[in-house]
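Below is one structure, written out as structure tokens; comments come after it.
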Amino acid sequence: MENQVKIEKRISPFKKTITVSSDKSISIRCILLSSIAIGKSKLFNVLNSEDIENTLQTIKKIGVNYKKKKEYLEIDGVGINGFKIKNKTILNAGNSGTLARCILGLCSATKYKIKLVGDKSLSKRDFSRVINPLNSFGVIIKSKKDMLPLEMTGSQLLRPIKYYENKGSAQIKTCIILSAINTPGVTKIKAAKSRTHTELLLKSFNYPITVKKTKKFDFISIKGLNQFSSFDYKIPGDISSASFFIVLTLLSKNSQLIIKDININPSRMGIFKILNKMNAKIKIINKRNYKGEKLGDIKVESTKYLKSINCPASLNSSAIDEFLLIFLVAAKSHGISKFKNLGELNKKESPRLDIAIKFLKMIGIKVDRDNDNIKITGSPNIKLKNSYHIRNFLKDHRVFMMSVVAALTLGGKFKINDKDAVNTSFPNFLRILSKLGAKIN
Ligand code: S3P
């Protein structure tokens, strides 16, 4: 099969320095925010992937021009309330939940109808999470069972809201912040902890947003209708993409890797905290700041003795895209690892909690499930001998990449479908693996 990879050999020891793809969350946010800035923004090192291409096509359809220059992406911002939207415009978010949720907030003031569609995976995901707050702003949304396709009519009489975001979802939080920018007055959000890139970007433009932090919540106030100027931004590497290589190195023999120029925003560093508790040899070097974000290089080494973890649920949101990998580490650790309240994992590009459990059981790992809580009994000397076929029916990029890491570190013979899925977030994934010496057909 053309779109399938075959892996029949574990990766040999490697010692290298790499960079990974640019941060997807920050790339999408920079494009959306520069589209409402006044003037031309220059975005350097933007992720080159399908989710980003869909973001660019989407802003073009609402009247924002961009140019791909050699060194940067130039976005010609139209200012707040400057979009030119034709009635019944169809926007296609493809596979991207972030784009789909955020574009609704960004366009909340349109007086015309927008239809939002997505691919098969996105069309199975929940939109009630953004429909409810947008309704409170005065936006009208029609959909079947709160899923795509949906039709939105914005409002020119938006009213500010007070909203309690209790899922720890940055997509919901960002949708509300973007709609608040279109709204006169002050919108207030009590938000369970989630990634903070939107707030940090807005602060870096001196936009009137304040954030008061407590242990569990961020209390955010946003004043609407404050025009801001275009900006330059250099997008750092994505910790979620780096994580595949972190876990590859940990579970390989006698290897060492430095991954350069990664965004290490604490709201994304759950994987690092969890792996540290599991005894992983991983550290951050060369820490620095960039426009309110923290950056660093990650140094990781093969770790023979990994131990189980009783993972605090408070770390879930900051590791939300990394659990497939964390479960793999738990499968090779000493002892029983416990994870709680992971229902949100089943709301991703595919039902990742269900898929992870199926995967682990398939390779002979004991997993006990009680609703959204799981226990994984580690098998530190695991050496696979059988053949496995990963079908990945919803073409989930992270399921594909996790399966490749498993195949390269645990043995066995793997066939893994849908290698094109990497184009969503990390088109260079397989090329970097070959540079490290991985044999993939
Ligand atoms: C993202 C937030 C997370 C994450 C997704 C990207 C973002 O989703 O899973 O891959 O860029 O805001 P939730 O905010 O829904 O948890």
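Could you go through the stretch 404-423 and let me know if any residue there is crowded, with 18+ Cβ neighbours inside 10 Å and of a type in the set (Asp, Glu).
Looking for residues that are crowded, with 18+ Cβ neighbours inside 10 Å and of a type in the set (Asp, Glu), one finds at least one in the stretch 404-423, hence yes.
Which one is nearest to the ligand (Cβ to nearest atom) among residues in the stretch 1-37 that are of a type in the set (A, V, I, L, M) and under 20 Å from Lys69 (Cβ atoms)? Write out each step before concluding.
Here is the first cut: in the stretch 1-37, the ones of a type in the set (A, V, I, L, M) are 1, 5, 7, 11, 18, 20, 26, 28, 31-33, 36-37.
Filter again for under 20 Å from Lys69 (Cβ atoms), leaving 26, 28, 31-33, 37.
Numbers: Ile26: 8, Ile28: 6, Ile31: 12, Leu32: 11, Leu33: 13, Ala37: 19 Å.
Top of the filtered list is Ile28.
Scan the stretch 121-167 for residues that are out of contact with any Cys (no Cβ under 8 Å at 6 or more places or on another chain), among the β-branched types (Val, Ile, Thr) and assigned to a helix (DSSP H, G or I) and jot them down.
Step one: of the stretch 121-167, the residues out of contact with any Cys (no Cβ under 8 Å at 6 or more places or on another chain) are 121-129, 131-132, 135-151, 153, 155-167.
This time we only want the ones that are among the β-branched types (Val, Ile, Thr), so: 131, 139-141, 153, 161.
The one that is out of contact with any Cys (no Cβ under 8 Å at 6 or more places or on another chain), among the β-branched types (Val, Ile, Thr) and assigned to a helix (DSSP H, G or I): Ile131.
Please return the ranges of strands (runs of 3 or more DSSP E) entirely within the stretch 354-441 where 1 or more residues are within 24 Å of the chain's Cα centre (by Cα) and polar (S, T, N, Q).
Correct list: 373-377.
Would the stretch 69-77 turn up any residue that is loosely packed, with under 15 Cβ neighbours inside 10 Å, among the acidic types (Asp, Glu) and out of contact with any Pro (no Cβ under 6 Å at 6 or more places or on another chain)?
At the first step, the residues of the stretch 69-77 found to be loosely packed, with under 15 Cβ neighbours inside 10 Å are 69-71.
Still in the list and also among the acidic types (Asp, Glu): 71.
Subsequent filtering for residues that are out of contact with any Pro (no Cβ under 6 Å at 6 or more places or on another chain) retains 71.
Among the residues of the stretch 69-77, at least one is loosely packed, with under 15 Cβ neighbours inside 10 Å, among the acidic types (Asp, Glu) and out of contact with any Pro (no Cβ under 6 Å at 6 or more places or on another chain), which makes the answer yes.
Is it the case that Cys175 is touching a Ser or Thr at 6+ places or on another chain (Cβ under 8 Å), among the hydrophobic types (A, V, I, L, M, F, W, C), within 13 Å of the ligand (Cβ to nearest atom) and closer than 18 Å to Ile36 by Cβ? Give the derivation first.
Working: touching a Ser or Thr at 6+ places or on another chain (Cβ under 8 Å): no; among the hydrophobic types (A, V, I, L, M, F, W, C): yes; within 13 Å of the ligand (Cβ to nearest atom): yes; closer than 18 Å to Ile36 by Cβ: yes.
Here the answer is no, as Cys175 does not meet what is asked.
Only one of Ala407, Ala421 is in contact with a strand residue (DSSP E or B) (Cβ under 6 Å, 6 or more places away or on another chain) and either hydroxyl-bearing (Ser, Thr, Tyr) or within 27 Å of Thr19 (Cα to Cα) (or both). Can you tell me which?
Values: Ala421 fails: in contact with a strand residue (DSSP E or B) (Cβ under 6 Å, 6 or more places away or on another chain).
Only one candidate qualifies: Ala407.
Hey, does the stretch 42-53 have a residue that's in a helix (DSSP H, G or I), within 16 Å of the ligand (Cβ to nearest atom) and within 18 Å of Thr198 (Cα to Cα)?
There is at least one residue in the stretch 42-53 that is in a helix (DSSP H, G or I), within 16 Å of the ligand (Cβ to nearest atom) and within 18 Å of Thr198 (Cα to Cα).
Looking only at the stretch 220-238, which residues are among the β-branched types (Val, Ile, Thr) and outside any loop (DSSP other than H, G, I, E, B)? Step through it out loud before you land on a result.
Taking the stretch 220-238 as the starting set, the residues that turn out to be among the β-branched types (Val, Ile, Thr) are 220, 222, 235.
The answer is Ile220, Ile222.
Could you grab me the full set of residues in the stretch 249-277 that are more than 18 Å from the chain's Cα centre (by Cα), closer than 14 Å to Ile18 by Cβ and not small (Gly, Ala, Ser)?
Thr249, Gln256, Leu257, Ile258, Ile259, Lys260
Considering each of Lys193, Lys203, Lys213, Lys167 in turn, give the residue that is free of Cβ contacts under 8 Å to residues at least 40 places away in the same chain, closer than 21 Å to Ser317 by Cβ and either in the same structural domain as Lys260 (by TED's automatic domain parsing) or within 24 Å of the chain's Cα centre (by Cα) (or both).
Values: Lys193 fails: free of Cβ contacts under 8 Å to residues at least 40 places away in the same chain; Lys203 fails: free of Cβ contacts under 8 Å to residues at least 40 places away in the same chain; Lys167 fails: free of Cβ contacts under 8 Å to residues at least 40 places away in the same chain.
Going through Lys193, Lys203, Lys213, Lys167 in turn, just one is free of Cβ contacts under 8 Å to residues at least 40 places away in the same chain, closer than 21 Å to Ser317 by Cβ and either in the same structural domain as Lys260 (by TED's automatic domain parsing) or within 24 Å of the chain's Cα centre (by Cα) (or both): Lys213.
Return yes when Asp232 is under 30 Å from Ile80 (Cβ atoms) and surrounded by 20 or more Cβ atoms within 10 Å (Cβ to Cβ) and no when it is not.
Values: under 30 Å from Ile80 (Cβ atoms): yes; surrounded by 20 or more Cβ atoms within 10 Å (Cβ to Cβ): no.
Spelling it out, it is not the case that Asp232 is under 30 Å from Ile80 (Cβ atoms) and surrounded by 20 or more Cβ atoms within 10 Å (Cβ to Cβ).
Tally time: how many residues in the stretch 327-346 are more than 25 Å from Gly411 (Cβ to Cβ), among the basic types (Lys, Arg) and either touching a Ser or Thr at 6+ places or on another chain (Cβ under 9 Å) or surrounded by 22 or more Cβ atoms within 10 Å (Cβ to Cβ) (or both)?
1
Going by what's in this entry, would Ser267 be described as assigned by TED's automatic domain parsing to the domain that holds Met402 and over 27 Å from Leu134 (Cα atoms)?
no
Go through Ile36, Ile52, Ile31 for me and flag whichever is under 15 Å from Asn428 (Cβ atoms) and surrounded by 20 or more Cβ atoms within 10 Å (Cβ to Cβ). I'd like the intermediate steps shown before the answer.
Numbers: Ile36 fails: under 15 Å from Asn428 (Cβ atoms); Ile31 fails: under 15 Å from Asn428 (Cβ atoms).
The conditions single out Ile52.
When the residues of the stretch 127-158 are filtered to those that are in contact (Cβ under 8 Å) with a residue 40 or more places away in the chain, in contact with a strand residue (DSSP E or B) (Cβ under 7 Å, 6 or more places away or on another chain) and of a type outside the set (A, V, I, L, M, F, W, C), which remaining residue is surrounded by the most Cβ atoms within 10 Å (Cβ to Cβ)?
Within the stretch 127-158, the subset in contact (Cβ under 8 Å) with a residue 40 or more places away in the chain is 129-130, 133-134, 137, 139, 148, 152-156, 158.
Narrowing further to those that are in contact with a strand residue (DSSP E or B) (Cβ under 7 Å, 6 or more places away or on another chain): 133-134, 139, 148, 152-153.
Next, only the ones that are of a type outside the set (A, V, I, L, M, F, W, C) stay: 133, 153.
Working: Pro133: 24, Thr153: 14.
Among them, the one singled out is Pro133.
Out of everything in the stretch 355-386 that is within 16 Å of the ligand (Cβ to nearest atom) and under 19 Å from Phe400 (Cβ atoms), what residue ends up being surrounded by the most Cβ atoms within 10 Å (Cβ to Cβ)? If you could, list the steps in order and put the result at the bottom.
Our first condition is that a residue be within 16 Å of the ligand (Cβ to nearest atom); within the stretch 355-386, this holds for 355-356, 372.
Checking which are under 19 Å from Phe400 (Cβ atoms) leaves us with 355-356.
Details: Ile355: 23, Ala356: 25.
Looking at the filtered set, the residue picked out is Ala356.
Considering only the stretch 149-171, state which residues are away from the ligand (no atom under 15 Å from the Cβ) and under 30 Å from Ala421 (Cβ atoms). Even if it seems obvious, please write down each step before you answer.
Here is the first cut: in the stretch 149-171, the ones away from the ligand (no atom under 15 Å from the Cβ) are 149-162, 164.
Pro149, Leu150, Glu151, Met152, listed by residue number.
The values are calculated or read from the model by the stated rules, or taken from the named source; none is laboratory data. From a predicted model like this one, the values you see are computed outputs, not experimental measurements. Here the Cβ is made from the backbone with ideal geometry for all residues, glycine too, and neighbour counts use every protein chain on show.
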